[in-house]
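Below you'll find the structure, written out as structure tokens, and then a few comments.
FYI, it's all coordinate maths here, none of it is from the lab. Just so you know, these numbers come straight off a predicted model, no measurement behind them. We place every Cβ from the backbone using ideal geometry, glycine too, and count neighbours over all the protein chains shown.
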Amino acid sequence: MATRNGGDGGRLFQVQVLASSEGRLLDQVIALGNNASQTLGFLPASVFRQAAHDQRLLVALQDERVIGYTFFGLPRQEVRLAHLCVDPAFRRQGVARRLVQELSERYHDRIGIILKCREDYAAHKMWPRLGFQRVKEVRGRAKTPSTLVVWFRDHGHPTLVSVAETNALLRVALDLNVFVDLHGAQSRPEAQESKALTADWLSGQLELRIMPELLREIDLLSRSNPTERKRQLLAAGSYQPLPVDASTAEKKAQQLTDYVREHQGIDLSSTAADRSDIQHLAEAATAGLHYFVTRDEGLISSLSSTSLAANAGRSSCVACVRSRPQPRSGNVG
Ligand SMILES: CC(C)(COP(=O)(O)OP(=O)(O)OC[C@H]1O[C@@H](n2cnc3c(N)ncnc32)[C@H](O)[C@@H]1OP(=O)(O)O)[C@@H](O)C(=O)NCCC(=O)NCCS
């Protein structure tokens with residue numbers, strides 16, 4: 001049984017597998033699921049009972065009351081998330097986050113957690129916040145036309161492609177601003193400096209990589225411009241994906257945030273843009289990349305004067321593709 005804090009100012013709650021003998025708690029799960037059937041769809045009580053029997057229900061409990069649950073399956077090599085549901089009175093307190101983390105911890109030997117969610121549901125915006133990457137879109141089977149997005153939370157296991165030897169001297173993660181310089185429709189004069197990264201003489205020495213956070217950013221930023229979004233996603237598809245363990249990246253992001261707050265007095269958790277930058281760096285460090293190339297001067301000034309290597313457990317650098325000559329670098333972890 002795992003005990004966690006329920007979020008900002010929240011009270012403690014526990015996360016555990018629901019045993020089929022706990023009929024009273026199972027009834028509460030069924031009631032929660034039925035109340036949310038507008039988004040979750042209706043499932044007969046017998047399906048919940050079978051899930052409890054198969055140990056496929058995780059519940060969050062506070063004072064012996066079910067405040068959230070997840071119903072999942074274990075087909076093939078993955079965890080398939082069928083339901084994630086939190087009592088409306090306990091939402092936005094980190095209950096869903098904790099349930100997903102628990103799934104990742106319990107079944108970390110599997111490749112990751114996969115799910116489908118309608119794009120027009122409120123929860124659509126939550127999945128990237130929980131470390132999921134958008135994999136693809138499929139058509140829903142509902143009478144009214146709908147788009148289902150397939151989401152994946154990576155457990156970071158090596159794949160056949162990722163274990164292939166690299167001869168490059170440096171493996172580098174690209175920030176969105178550099179990626180857009182390389183692949184965006186608009187060509188800014190400053191983009192020349194970013195484009196130098198793709199010079200022929202560097203191939204073999206430099207391996208350019210993109211992280212899941214970059215895909216999330218493309219997804220969000222370009223929504224107002226679907227053509228550009230499509231173009232950038234297509235370009236992103238030409239990069240070899242690297243496995244990034246979402247749980248480790250989350251921990252590193254928290255460590256970085258704490259470290260910068262403590263040593264520089266800067267709160268990098270207060271804006272979505274800063275949180276995204278930290279997530280991006282944490283993913284690069286988790287994937288074992290030692291350089292993060294960005295044009296973001298603010299990010300560099302927050303991090304470059306501070307050695308964070310020990311804090312994040314790996315030595316890495318933040319490098320800047322600047323409009324003025326020499327790149328600047330500093331340790332980030
Ligand atoms: C979706 C649901 C499970 C979220 O549960 P929750 O406990 O409130 O979520 P958390 O507090 O753990 O939030 C996790 C993250 O997602 C974000 N988030 C949660 N709900 C969100 C929403 N509706 N829209 C946008 N972001 C959301 C939170 O802000 C948080 O991000 P942050 O830590 O970066 O701030 C809950 O609203 C619910 O049960 N809805 C009905 C059932 C449903 O739609 N389930 C999903 C389909 S399977």
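Label positions at Asp267 and Arg11, each projected 7 Å from the Cα along the C-beta direction, are separated by 2.6 nm. In this calculation the C-beta distance from Tyr239 to Arg275 is compared with R0 = 25 Å, giving a FRET efficiency of 0.60. Treating only the Cα positions of region 202-292 as identical point scatterers, give the base-10 log of I(q)/I(0) from the Debye formula at each q in 0.14, 0.25 Å⁻¹. Debye curve over Cα of region 202-292, log10 I(q)/I(0) at q = 0.14, 0.25 Å⁻¹: -0.59, -1.23.
For the peptides 87-98, 281-292, 63-74, the ranking by packing is 281-292, 63-74, 87-98, with the highest mean count of neighbouring Cβ atoms within 10 Å listed first. Counting only DSSP beta bridges with both residues in region 1-127, the antiparallel share comes to about 90 percent.
Assuming charge only on the beta carbon of Lys and Arg (+1) and of Asp and Glu (-1), the dipole of region 49-194 about its Cα centre is about 740 debye to the nearest 20.
Here the calculated FRET efficiency for Lys136 and Thr198, from their Cβ-Cβ distance with R0 = 22 Å, stands at 0.20, rounded to the nearest 0.05. By definition, a body whose alpha carbon gyration tensor gives a ≥ b ≥ c is rounded when a/c is under 1.5, and region 2-154 falls into this rounded group. Label sites at Arg91 and Tyr107, each approximated as a point 7 angstrom past Cα along Cα to Cβ, lie 2.5 nm apart. Protection proxy ranking for 253-266, 116-129, using the average of other Cβ atoms within 10 Å per residue and placing the highest first: 253-266, 116-129. Here the alpha carbons of region 10-80 define both size measures, Rg and Dmax, at 12.1, 37 Å.
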